There are 4 protein chains.
Amino acid sequence: MLGATGAVGQTFIRCLAGHPWFRVAEVAASERSAGKSYAEATRWIEGELPADVAALTVTPCDTGSVRSPVVFSALDAAAAADLEPAFAHEGRVVLSNAKNYRMEPDVPLVIPEVNAGHLAILEVQRRNRGWSGAIVTNANCASTTAAVAMAPLHERFGIRTVFISTMQAVSGAGYPGVPSLDILGNVIPYIKDEEPKIETEMQKMLGRFTGSAIEHASFVVSAHANRVPVEHGHTTCLTLGFERKPTVEEAIEALREWKGEAIVRGLPSAPAMPIRYRDEPDRPQPRRDVMDGRGMTTTVGRVRADNILDLRLVAMSHNTIRGAAGGSILNAEVLVQTGVIARSGAA
Amino acid sequence: MLGATGAVGQTFIRCLAGHPWFRVAEVAASERSAGKSYAEATRWIEGELPADVAALTVTPCDTGSVRSPVVFSALDAAAAADLEPAFAHEGRVVLSNAKNYRMEPDVPLVIPEVNAGHLAILEVQRRNRGWSGAIVTNANCASTTAAVAMAPLHERFGIRTVFISTMQAVSGAGYPGVPSLDILGNVIPYIKDEEPKIETEMQKMLGRFTGSAIEHASFVVSAHANRVPVEHGHTTCLTLGFERKPTVEEAIEALREWKGEAIVRGLPSAPAMPIRYRDEPDRPQPRRDVMDGRGMTTTVGRVRADNILDLRLVAMSHNTIRGAAGGSILNAEVLVQTGVIARSGAA
Amino acid sequence: MLGATGAVGQTFIRCLAGHPWFRVAEVAASERSAGKSYAEATRWIEGELPADVAALTVTPCDTGSVRSPVVFSALDAAAAADLEPAFAHEGRVVLSNAKNYRMEPDVPLVIPEVNAGHLAILEVQRRNRGWSGAIVTNANCASTTAAVAMAPLHERFGIRTVFISTMQAVSGAGYPGVPSLDILGNVIPYIKDEEPKIETEMQKMLGRFTGSAIEHASFVVSAHANRVPVEHGHTTCLTLGFERKPTVEEAIEALREWKGEAIVRGLPSAPAMPIRYRDEPDRPQPRRDVMDGRGMTTTVGRVRADNILDLRLVAMSHNTIRGAAGGSILNAEVLVQTGVIARSGAA
Amino acid sequence: MLGATGAVGQTFIRCLAGHPWFRVAEVAASERSAGKSYAEATRWIEGELPADVAALTVTPCDTGSVRSPVVFSALDAAAAADLEPAFAHEGRVVLSNAKNYRMEPDVPLVIPEVNAGHLAILEVQRRNRGWSGAIVTNANCASTTAAVAMAPLHERFGIRTVFISTMQAVSGAGYPGVPSLDILGNVIPYIKDEEPKIETEMQKMLGRFTGSAIEHASFVVSAHANRVPVEHGHTTCLTLGFERKPTVEEAIEALREWKGEAIVRGLPSAPAMPIRYRDEPDRPQPRRDVMDGRGMTTTVGRVRADNILDLRLVAMSHNTIRGAAGGSILNAEVLVQTGVIARSGAA
């Protein structure tokens, strides 16, 4: 794993503890940490650090030091820019959380229940770039929350317009991240560089793979991104316009019935149902719903008619599990199913 | 004052402390409290209880017990329904925070900087109802935040469409209000009965008084209302469509220059400027901006272009001062200026 | 279960979900709720309401309506005063969380790892009171946190003096409990009636059963009780004086080695170890440690020498699991082991 | 001012805005900030940055660049070690918040109401060190809260023993300081290096100046220091033993009557009364009481008898105003009164 000591890296380690297929075999981080044990190098911030990982020696983030064929990357954008392609070039499958390659035409941006099919573009990627490995990305955490909720509605009714206002947890900013003096009893109506991601990534994820390219969906997105004093779980208020306007009942039915792409079902990290629709008028709520499906379920509620467009709803999911580490691991599990990753691959 | 022991009643008392024109002469509350001193009857929750008010004896909320010609009402809807008209009938000027009469055609719903002119409809109200007194209302606190920010833009560019997503402070729910177990580290994407108010009140406030009636503005509003763990200050994310699309610079200029109705300037509770536009990318913030203008200023920031409509922005103001007690008092001050209230009127 | 709709009642239901020996067969609450389904009668505040309990019809809290031989009671003191003895008189074993009978000489006040042996006093209780049933109590939640941490030290070194300062979670006040306006960004240095409980209950729990009576330990306790904006988990700062002063190492060794009374080991609700000693300088922390041992482990840290007495340390445990519902259930499990409760007993 | 861009530096600037005697003439910070305007160099975190300070150019922290005869220092310990003596050597009066010189025998550690008389040791300091200037320090913020509350009791009854448990605000750790992921909904029972300061500084402040030396008070202090999710205001729970045990009434009377040293009264930053005793059972509370006396009043409550020692009480004061910047400014005001600082001295 690359970037193993940071907040997303730690979430990877928690999500991989006891994983039936993958095992954290290597932990790589900045030069400053290299050579220390993982336990020494890391300020572990949540839950229990597994003993086998604690004892690993941190290696530098280079293709010589890291040998695993499957590489989970929690690198930030600055580090990912050069390192992720280097690993892909050396034949490794890189599961990336960085923003750098998400929007490249030949790089799949995947939430498996939504668009596992896009992984087929890896063939194009390898041909284009001469890589024996690959880069597979997952989206910004707020985009992920909304994209899952929108997927079943887009499939059936065709989304045209999206107004989204987010209330995002502090863990989305990593560690140390948001100073407590900035957020205790406060709302910050701004997250640097966040709105452009939310406004572009969902069209790719909800787009169509033509066999040779990913055709982005044509809806338009307008976002307000806000930070709130919540630990985990991004809440998104969505107002949607459709090609074919659904009734509230039709929309709820679509959300309830949706199972997502068949290849995902039964995978170790897949929740029983990717979406849980709740009838209570005041749900979803991050503190109460965020760990549903071990953090992999997207909770949706409050589907109701809109005064201007067609429907409104609220969707919430775990930003560092569903929206980062857990999503990457599920991507890797699909790649095991499709044979891109050998089942014995350590991480 | 009616409903003097609750959270809004307490804010009235704080805002009236040292007021040059009004003085809290009577405190009325439910039968349970009547006969006690105000200090005994009240769980005072913020700042210092003025000694002169502490010593007042709580009276019942009826027109026989309460003698003041000017009556500030912090009654809830159930109590306000019958009591407020009874006082108006007896010749008192009632400054109401309840929702009951806000949308009645002959009842002004006033934020003085925005629509002090609507107070002229009191003549119609008195004629219609045979009252020697009057009822003047102020709006829902979230509507108030947005309406102030929208007023200068509506004046110059004509608003047609409003998407609004709110993040509202817990003090908006009164005391004891929101249980801490519901809101610590959490977001509740629902406030009972709130969205319909936000979707209808602003058209009235930004409407036009024809001389005999208030013609509502014709824009349409779609709202998401959320509760967040903030003490005071409602933050609203607004996305706006206009009849004549302003540039970002024109919009900011309109916000910066706006002084509101002339009659308000220099009144004791009027802030120096009703709107403060902040350039920092991450403002307004409730904890940092809420007390600007002693809680009467609306802070606006993040005016930027939109992908679908014309403009986006964020507005924030104090929900129990600007959005409730302070707003009522400013209404009363205008009525002193127009002669409806005699300057010697106690509250 | 009595008082099933409140916060502690709900914790009982969560803790009993999937229990191998007990099953929630009946839910009793106030007259207002009786006749409704449990789902209707309850504002469920955390996690998932088990479907089988949701469908139960709420019964009144009387010995005619509630038939189970084992009765978990989450009643408040006012209701418990008459109801708990009535059930005991009718042959039921009542596991009580109320304060009423805790300090009665013939009522055991039990944390099983600490003083399961005190349950033998039930024979005296039955003889004294002519009951075929029994009342078994567990302690105040803050007393429980401290008593577990003190037990191994008292056993080996004899505690003489205890200064304790607590920082208690809001869930200790039930639901709706502490208003958010009182506790957001705040500390309340007072919890009504709490300090006297903390100052008297531990001597009973750490006392000695003589065969016919419980001889209270003779140490003296001085408490400061504080409420802090934490959801679950009471943190207690302890400064201790001993009959035989241990070194820091001896104290840590005693805490690490302590297994508690043998009869408890392996019971369904018993954690692997009742105490977890953590070496990090900044632990225990409620948000990070509270769910250790599924909420039944007491986390202890910061054992260090004192300037005035002998040792200082910090202990933290889950106030509604270890300190209430989970503790009651573990008491019942011990009573199954000792034969007081038949293993088939529903709750 | 030295260290002007940090959290304490910012509090200095807020406290000095409109000061009748002092004016922020120079702002000095690390090399990284030097040459920028103060507004550019600073992430201003609270309230309004005064326009005249915003426009100042940040200078380096050396005696050549900073010319003011009075130097407020918000330097951290690493920087203060060499810089503060250098300024004192060059004839400047340094008002220091760093820990480095607090415990030096010839350096006064002053809360003026408590021990303004200790400033007379400056003569010894100058003689010893050959300085034409001076260093005057103020104490750790938690020590300050407790020392003020203890001063009137020590004067009358002689304190012998102090158990103190603190609940300290996040602003005590500066900015960015405590990460929100560490403290949201949490308590951290540890603040690095804090307990030793609390355990030694109060004896010096409550000590006696003999004419040539400061004789420390002989009481012993045992501390638990905790961090809580509060923005401003350190709450301290104190349990006290005395040479002559006061009754609760005598102690409250002593607290109520205490005016502190006469020279402080009427100074610009001095609160009307240094201590406010509150009768309510649940006070002091940081969010409700912290700004009493513009942040310079120490609020005390809950004086009650103790089971082991003599008395218990709770004291709270503002950690960055009373406990840092405001305290330094009050020290400087006393030095103006005593003639050590010329009244025209800029800061």
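The values are calculated or read from the model by the stated rules, or taken from the named source; none is laboratory data. Since the structure is predicted, the reported quantities are computational estimates derived from the model, not experimental observations. A quick note on method: Cβ atoms are made from the backbone with ideal geometry, for glycine too, and the neighbour counts reach across all protein chains shown.
Values as computed for the structure displayed
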{"item": "Any hit, segment D:8-18, residues being over 28 Å from residue D:178 (Cβ atoms) and not assigned by TED's automatic domain parsing to the domain that holds residue D:298", "result": "yes"}
{"item": "Any chance residue A:238 is touching a helix residue (DSSP H, G or I) at 6+ places or on another chain (Cβ under 7 Å), within 14 Å of another protein chain (Cβ to nearest Cβ) and without any contact (Cβ under 8 Å) to a residue 24 or more places away in the chain", "result": "no"}
{"item": "Per-region count, segment A:246-282, residues of a type in the set (Lys, Arg) and in contact (Cβ under 8 Å) with a residue 24 or more places away in the chain", "result": "2"}
{"item": "Residue count, segment B:21-47 (criterion: more than 19 Å from residue B:70 (Cα to Cα), aliphatic (A, V, I, L, M), away from chain C (no Cβ under 14 Å) and in a loop (DSSP other than H, G, I, E, B))", "result": "1"}
{"item": "Condition check for residue B:62: in a helix (DSSP H, G or I), of a type outside the set (S, T, N, Q) and surrounded by fewer than 16 Cβ atoms within 10 Å (Cβ to Cβ)", "result": "no"}
{"item": "Members of segment A:241-272 found to be part of a strand (DSSP E or B) and closer than 13 Å to residue A:152 by Cα, listed by number", "result": "A:242"}
{"item": "Positions within segment B:174-194 being closer than 23 Å to residue A:312 by Cβ and either surrounded by 21 or more Cβ atoms within 10 Å (Cβ to Cβ) or within 10 Å of chain A (Cβ to nearest Cβ) (or both), in sequence order", "result": "B:178, B:182, B:183, B:186, B:187, B:188, B:189, B:190, B:191, B:192, B:194"}
{"item": "Residues of segment A:184-219 satisfying the condition of being β-branched (Val, Ile, Thr) and in contact with a strand residue (DSSP E or B) (Cβ under 6 Å, 6 or more places away or on another chain)", "result": "A:187, A:188, A:191, A:198"}
{"item": "Per-region count, segment D:274-290, residues surrounded by fewer than 19 Cβ atoms within 10 Å (Cβ to Cβ) and either among the hydroxyl-bearing types (Ser, Thr, Tyr) or more than 10 Å from chain C (Cβ to nearest Cβ) (or both)", "result": "2"}
{"item": "Residue list for segment B:218-231, filter: closer than 18 Å to residue B:182 by Cα and either buried (at least 24 other Cβ atoms within 10 Å of the Cβ) or out of contact with any helix residue (DSSP H, G or I) (no Cβ under 9 Å at 6 or more places or on another chain) (or both)", "result": "B:225, B:226, B:227, B:228, B:229, B:230"}
{"item": "Per-region count, segment A:306-346, residues over 19 Å from residue A:198 (Cβ atoms) and at the interface with chain B (Cβ under 10 Å from one of its Cβ atoms)", "result": "3"}
{"item": "Of all residues in segment C:313-336 being surrounded by 24 or more Cβ atoms within 10 Å (Cβ to Cβ) and touching a Lys or Arg at 6+ places or on another chain (Cβ under 7 Å), the one that is farthest from residue C:295 (Cα to Cα)", "result": "C:313"}
{"item": "Among (1) out of contact with any Asp or Glu (no Cβ under 7 Å at 6 or more places or on another chain); (2) among the hydrophobic types (A, V, I, L, M, F, W, C); (3) surrounded by fewer than 24 Cβ atoms within 10 Å (Cβ to Cβ) - the single one residue A:251 does not satisfy", "result": "(3)"}
{"item": "Some residue of segment B:212-227 being assigned to a loop (DSSP other than H, G, I, E, B), within 12 Å of chain A (Cβ to nearest Cβ) and aromatic (Phe, Trp, Tyr)", "result": "yes"}
{"item": "Close pairs (6 angstrom Cβ cut-off, 6 or more residues apart or separate chains): closer than 16 Å to residue D:95 by Cα in segment D:108-132, modelled with pLDDT under 95 anywhere", "result": "D:109/D:139"}
{"item": "Meets criteria (in a helix (DSSP H, G or I), touching a helix residue (DSSP H, G or I) at 6+ places or on another chain (Cβ under 8 Å), among the hydroxyl-bearing types (Ser, Thr, Tyr) and not assigned by TED's automatic domain parsing to the domain that holds residue D:340) for residue D:145", "result": "yes"}
{"item": "Considering residues of segment B:296-305 that are surrounded by fewer than 24 Cβ atoms within 10 Å (Cβ to Cβ) and of a type outside the set (A, V, I, L, M, F, W, C) only, the residue nearest to the other protein chains (Cβ to nearest Cβ)", "result": "B:302"}
{"item": "Any chance residue C:148 is in contact with a Ser or Thr (Cβ under 8 Å, 6 or more places away or on another chain) and touching a residue at least 60 places away in the same chain (Cβ under 8 Å)", "result": "yes"}
{"item": "Filter result (among the hydroxyl-bearing types (Ser, Thr, Tyr) and more than 9 Å from chain A (Cβ to nearest Cβ)) within segment B:137-165", "result": "B:137, B:143, B:144, B:145"}
{"item": "Qualifying residue in segment A:284-292 (condition: touching a helix residue (DSSP H, G or I) at 6+ places or on another chain (Cβ under 7 Å), free of Cβ contacts under 8 Å to residues at least 60 places away in the same chain and not hydrophobic (A, V, I, L, M, F, W, C))", "result": "no"}
{"item": "Per-region count, segment C:184-211, residues among the hydrophobic types (A, V, I, L, M, F, W, C) and in a loop (DSSP other than H, G, I, E, B)", "result": "4"}
{"item": "Unmet criterion (only one of (1) assigned to a helix (DSSP H, G or I); (2) touching a residue at least 60 places away in the same chain (Cβ under 8 Å); (3) surrounded by 19 or more Cβ atoms within 10 Å (Cβ to Cβ); (4) away from chain A (no Cβ under 14 Å)) for residue D:171", "result": "(4)"}
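Residues checked against (1) more than 28 Å from residue C:47 (Cβ to Cβ); (2) free of Cβ contacts under 8 Å to residues at least 60 places away in the same chain:
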{"site": "A:190", "(1), (2)": "yes, yes"}
{"site": "A:195", "(1), (2)": "yes, yes"}
{"site": "A:231", "(1), (2)": "no, no"}
{"site": "A:234", "(1), (2)": "no, no"}
{"site": "A:244", "(1), (2)": "yes, no"}
